Protein chains: 2
Amino acid sequence: MSHKENLTLYVSSFIEQLYQSGVKRAVISPGSRSTPLAYLLENHPQIHTYVNVDERSAAFYALGMAKASQEPVVIVCTSGTAAANYYPAVVEARYARVPLIVLTADRPHELRDNGAPQAIDQINLYGKHAKWFYDMPLPESDTNLLQYTGRIAAKAAAKASAAPKGPVHLNFPFREPLSPDLSFKPDQQPLSAVYLAEKQLNSQYVSDLSAQLNRSEKGLIIAGPSEDQQSAEALIHLAEATGFPVLADPLSGLRTLMTDHPSVIECYDAFLRDNEIKKRLQPDLIIRFGGMPVSKALTQYVKGSECDQWLVDEGADWRDPTSSATHYIEVNDIVFAEQLTKTVDVTSDHSWLDEWIKLNETAAREIQAYIERESDEGAAVGTLLQALPEGAHLLVGNSMPVRDVDTFWVRGMKSFHVWANRGANGIDGVVSTALGIAEVKKEPVYLLIGDLSMFHDLNGLLVTKQYASELQIVVMNNNGGGIFSFLPQATELEHFETLFGTPPSLDFKHAAALYNLDYDRCETKAEFSESLSSGLSRIKMMEVITDREENTASHRRLWTTVAKAVRGE
Amino acid sequence: MSHKENLTLYVSSFIEQLYQSGVKRAVISPGSRSTPLAYLLENHPQIHTYVNVDERSAAFYALGMAKASQEPVVIVCTSGTAAANYYPAVVEARYARVPLIVLTADRPHELRDNGAPQAIDQINLYGKHAKWFYDMPLPESDTNLLQYTGRIAAKAAAKASAAPKGPVHLNFPFREPLSPDLSFKPDQQPLSAVYLAEKQLNSQYVSDLSAQLNRSEKGLIIAGPSEDQQSAEALIHLAEATGFPVLADPLSGLRTLMTDHPSVIECYDAFLRDNEIKKRLQPDLIIRFGGMPVSKALTQYVKGSECDQWLVDEGADWRDPTSSATHYIEVNDIVFAEQLTKTVDVTSDHSWLDEWIKLNETAAREIQAYIERESDEGAAVGTLLQALPEGAHLLVGNSMPVRDVDTFWVRGMKSFHVWANRGANGIDGVVSTALGIAEVKKEPVYLLIGDLSMFHDLNGLLVTKQYASELQIVVMNNNGGGIFSFLPQATELEHFETLFGTPPSLDFKHAAALYNLDYDRCETKAEFSESLSSGLSRIKMMEVITDREENTASHRRLWTTVAKAVRGE
């Protein structure tokens, strides 16, 4: 596509999504760099535009419209001090809670911070007075990028409109030439719907959504990681009313309830790797709660599903990195589930659910057999999970431990709680987090952690000298960054160990000695089982010695075995 | 003093210092909260004031004056969006490099961020477009505070005027009632002079300063910590031309040269603790280079000296926490020293210098005797310093190690380089800093570090497995925060160990084993000496076991002994 077509498609898609998100008015102050925004807003058949030369007045004029309509109003200006003239109205809008969408044009990166005329630093120009700032990418017509920037438009309108209402700021870098093609008619991109709710969904939303629920025959609920595991029962009730399977992330709190609730599915990570199975299991509606699931197989399955996808997420973060949601529903999980459970028609057709249950049972049997048979890291994680006492707490490190718990935590084990730091998925501070949980819970707490992550927070062990919490630590020592062995760079052997494997070659026996911990070195599964069953110490470290390469190979064997089993081969 | 007197004294002192720093014009936009600034600017006999109702216009009006005069112009407005209206001119001033001093009035803290009318968040209101932002304290008439805010006024003018010129922003919280007492005539506070230099001091500055140097009979040069130790020789030449002693911080680079240059004084920390000595040694001029010296005794002596004090500091940081400088000279150390050395009359009277040399020699002898006689941490540091080979590098941890090196590094030792992280004086990251120095220097590098600081960066040792640098590590293990034992809280025994002592009770033998380091535990001075003389390993850890309480007591004995010796008792 030509520069002009890219520019036109990008800006007009963005503007169309603004319109779909409730924007009806735009106040434009003349300028050169903002030409694409000005022309294409003017060209939009439904958006009413107004021209106001002084940006300070323009912004207050828009503020008046937004106050009167209670709808977000767009203001557009060129680069430089023009944008600074919006500041008084932006500040007023912030404190008076008036929804404004500020669109400033800017130079592209190569003309920033090098003395180009009228190029000032517009990043976070309004500081804390904008509710949200986003520096837009340069115009491109790649579909993924257009979907993403469409979400940005919808999010800008939603953030401006969510309580407390206020101004948001998007900064658009444009390269010359700046004129769009006004005769170009882009195909409409699929657009998102946004449901903002203060406490409850309003009755119109509820009846729209439950009508769609009743039409759906192959619906799916996905329960992602959640800090507030109180929502587990409400989600299961919704699943049982709709007849939808509910795919339960290990951090959702739902797996703890899987014994009594057959619609909870836990082995999806193993069987959703197979293309044939994925084709058989195409849903017609997905309802997603919580953060992104740990399972990459599930994420790819969701991304590939061409059906409506509802993202229920309180607050305005829209945790949707695959840009696959079609509906953003900003309401509390429990409120949503309870409102919909009450209004939906209870289903009697269970064929879709039964297919999921059958596949899941097959996969679970294969995984249980693997834990008995194998001796790799995965089997060690399974051994740990089988040994956990009723009501125990398990904090899992990021990288491999949380993935292995996702894979090997299957029905038939006791009921326990799993925790992880999935806000930013770091490998840092995990030991200290576990000790913090142990200090509060006063129940058996276990930590499952890789050797790099253990090294990273070794210093966290100092508090074991100060406070009397109890913790059982399982260090999976495969001497380095095991997860990288699963990634494409593992085949670049030359610099792999230096840059990714980073083998620390540590014998944690010495670390245990430094902090006076009980310590067992476990070179076999039998030694590990024995250490686990030998009773709880105050603080015990079990170092499980594993092998990265063997581990990668045996995990791949598991996925093949499961795929064959579920396909009935 | 009454509220009205406090307010009047505080604001009028501030304005007077603005005037002394070159401000001749102020543009005032009417408002209530800014009343004290407006009234007292209007009342100032030399500052010309202009009233301009629209803040946007007012700021551009001031910008025009500042462009034409090339002098900083003050603009004053009230709180709220008034201040936001300055934004376009502030942005223009930033990029056009025009000196503006923006004074905004604000609510006091109790009216911020809780919905008070016209109270917006003015902290960093102009973001990166202000060269400097400072949130002023509430009006008080305490002398220290007035001196400090006077420095802020001078600094604001200097920062606005230093290349590249631009806007600075000071935000003033005021409580009601807001009217100052216009009949009140405050005593003038001592004011600062500021010398801004691009590359060289101009000839007028040089002749003013060298005239004062020639008049001075008891001048003193203080060489503080400096990352750029290239200036050492230039400072010594200035000292030799003027006949001034030069007090050399261990991080100044000057102590390395003390053997050949008798005017370098290194034992000041020991003898400047005595009041009688301090009285005998009252200077009539102090010239300070570099950061604040490590020695607290020296800092207190400087603060108590009622003479002119020149602070030579390239860049605009003005490292002067005691607010005792009377002249801020923004020029490179070497340039300053060389320009003044060339113009000053070489002195023939050495009586003042000889007194310092004699006291220093006496103190040095006592310190050397202490190192031989005692067995505490200080003696161990002295033992290490005596053992360092010619040309070695020593990185010292913060807290006690750097103070002990200050005290025990006296003439008669070999020539070595001392390093420390004195930007923020943290105890963190010290091991890694040492390993970084070792990787670059490829010469013998030693690390002297306390046990808490060693614990804090234990993980830093992992790179010893990756890279082949050599490092000799001396850990002074007194089991906790030894420095706190020197502070007043040490007498509050109840919570002292929990909150300050924080004994980690670590046996570093295990840490050495974890990283495969050579290790010696040294319980006596003899064992430590033997370990030091047994040749360099690649990475060796020497753990020196000391006692916090004994250490505090013996340091105090040293200071008493030195005081007696220098007083001739």
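The values are calculated or read from the model by the stated rules, or taken from the named source; none is laboratory data. What you are looking at is a predicted structure, and each value in this text was computed from that prediction instead of being measured. FYI the Cβ positions are ideal-geometry reconstructions off the backbone, even for glycines, and counts take in every protein chain you see. Remember, those area values only see protein heavy atoms, side chains included, never the ligands or the DNA or RNA. Shrake-Rupley method; radii C 1.70, N 1.55, O 1.52, S 1.80 Å.
Assorted remarks:
Matching residues to (1) assigned to a strand (DSSP E or B); (2) of a type outside the set (A, V, I, L, M):
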site: B:200; (1), (2): no, yes
site: B:204; (1), (2): no, yes
site: B:207; (1), (2): no, yes
site: B:210; (1), (2): no, yes
site: B:222; (1), (2): yes, no
site: B:227; (1), (2): no, yes
site: B:235; (1), (2): no, no
site: B:247; (1), (2): yes, no
site: B:270; (1), (2): no, no
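- Test: residue in segment A:88-99 that is more than 14 Å from every other protein chain (Cβ to nearest Cβ) and more than 19 Å from residue A:180 (Cβ to Cβ): yes
- Of A:290, A:315, all but one fail to be buried (at least 19 other Cβ atoms within 10 Å of the Cβ) and within 20 Å of the chain's Cα centre (by Cα); the exception is A:290.
- Any hit, segment A:15-24, residues being closer than 23 Å to residue A:107 by Cα and either open to solvent by 30 Å² or more (accessible area, probe 1.4 Å) or assigned to a helix (DSSP H, G or I) (or both): yes
- Yes/no for residue B:228 being acidic (Asp, Glu), in contact (Cβ under 8 Å) with a residue 60 or more places away in the chain and either open to solvent by less than 40 Å² (accessible area, probe 1.4 Å) or farther than 30 Å from residue B:5 by Cα (or both): yes
- All positions within segment A:326-385 that are open to solvent by 30 Å² or more (accessible area, probe 1.4 Å), charged (D, E, K, R) and farther than 30 Å from residue A:479 by Cβ: A:338, A:342, A:345, A:349, A:354, A:355, A:358, A:361, A:365
- Count of residues meeting criterion [within 12 Å of chain A (Cβ to nearest Cβ) and either in a loop (DSSP other than H, G, I, E, B) or in contact with a strand residue (DSSP E or B) (Cβ under 6 Å, 6 or more places away or on another chain) (or both)] in segment B:438-471: 6
- Taken over segment B:102-156, residues that are assigned to a helix (DSSP H, G or I), open to solvent by 50 Å² or more (accessible area, probe 1.4 Å) and either of a type outside the set (A, V, I, L, M, F, W, C) or in contact (Cβ under 8 Å) with a residue 60 or more places away in the chain (or both) amount to 6.
- Subset of segment A:73-114 (residues that are touching a Pro at 6+ places or on another chain (Cβ under 7 Å) and among the acidic types (Asp, Glu)): A:106
- Matching residues, segment B:507-524, being more than 14 Å from chain A (Cβ to nearest Cβ) and crowded, with 22+ Cβ neighbours inside 10 Å: B:522
- Conditions (1) open to solvent by 10 Å² or more (accessible area, probe 1.4 Å); (2) within 30 Å of residue A:32 (Cα to Cα); (3) within 21 Å of the chain's Cα centre (by Cα); (4) of a type in the set (A, V, I, L, M): number failed by residue A:178: (3)
- Residue in segment B:315-326 that is more than 14 Å from residue B:291 (Cα to Cα), in contact (Cβ under 8 Å) with a residue 40 or more places away in the chain and either in the same structural domain as residue B:283 (by TED's automatic domain parsing) or assigned to a strand (DSSP E or B) (or both) present: yes
- Those residues of segment B:65-87 which are of a type outside the set (Val, Ile, Thr), touching a strand residue (DSSP E or B) at 6+ places or on another chain (Cβ under 7 Å) and more than 12 Å from chain A (Cβ to nearest Cβ), in sequence order: B:65, B:66, B:72
- Output for segment A:294-312, where each listed residue is within 12 Å of the chain's Cα centre (by Cα) and open to solvent by 20 Å² or more (accessible area, probe 1.4 Å): A:296, A:299
- Screening residue B:498 against (1) touching a helix residue (DSSP H, G or I) at 6+ places or on another chain (Cβ under 8 Å); (2) of a type in the set (Val, Ile, Thr); (3) in a helix (DSSP H, G or I) leaves a single unmet condition, (1).
- Residue in segment A:342-359 that is over 27 Å from residue A:427 (Cα atoms), under 19 Å from the mean Cα position of the chain (by Cα) and not in a helix (DSSP H, G or I) present: no
- Screening residue A:529 with (1) in contact (Cβ under 8 Å) with a residue 24 or more places away in the chain; (2) small (Gly, Ala, Ser); (3) within 14 Å of chain B (Cβ to nearest Cβ); (4) surrounded by 16 or more Cβ atoms within 10 Å (Cβ to Cβ) gives one miss only, at (3).
- Being touching a Pro at 6+ places or on another chain (Cβ under 8 Å), in a loop (DSSP other than H, G, I, E, B), under 22 Å from residue A:430 (Cα atoms) and open to solvent by 20 Å² or more (accessible area, probe 1.4 Å) is a property that holds for residue A:536.
- When the criteria are applied in full, residue A:161 meets the requirement of being hydroxyl-bearing (Ser, Thr, Tyr) and crowded, with 18+ Cβ neighbours inside 10 Å.
- Looking only at segment A:450-479, residues that are within 26 Å of residue A:555 (Cβ to Cβ), buried (at least 20 other Cβ atoms within 10 Å of the Cβ) and in contact (Cβ under 8 Å) with a residue 40 or more places away in the chain come to 13 in all.
- The set of residues in segment B:157-172 being in a helix (DSSP H, G or I) and among the small types (Gly, Ala, Ser) consists of B:157, B:158, B:160, B:161.
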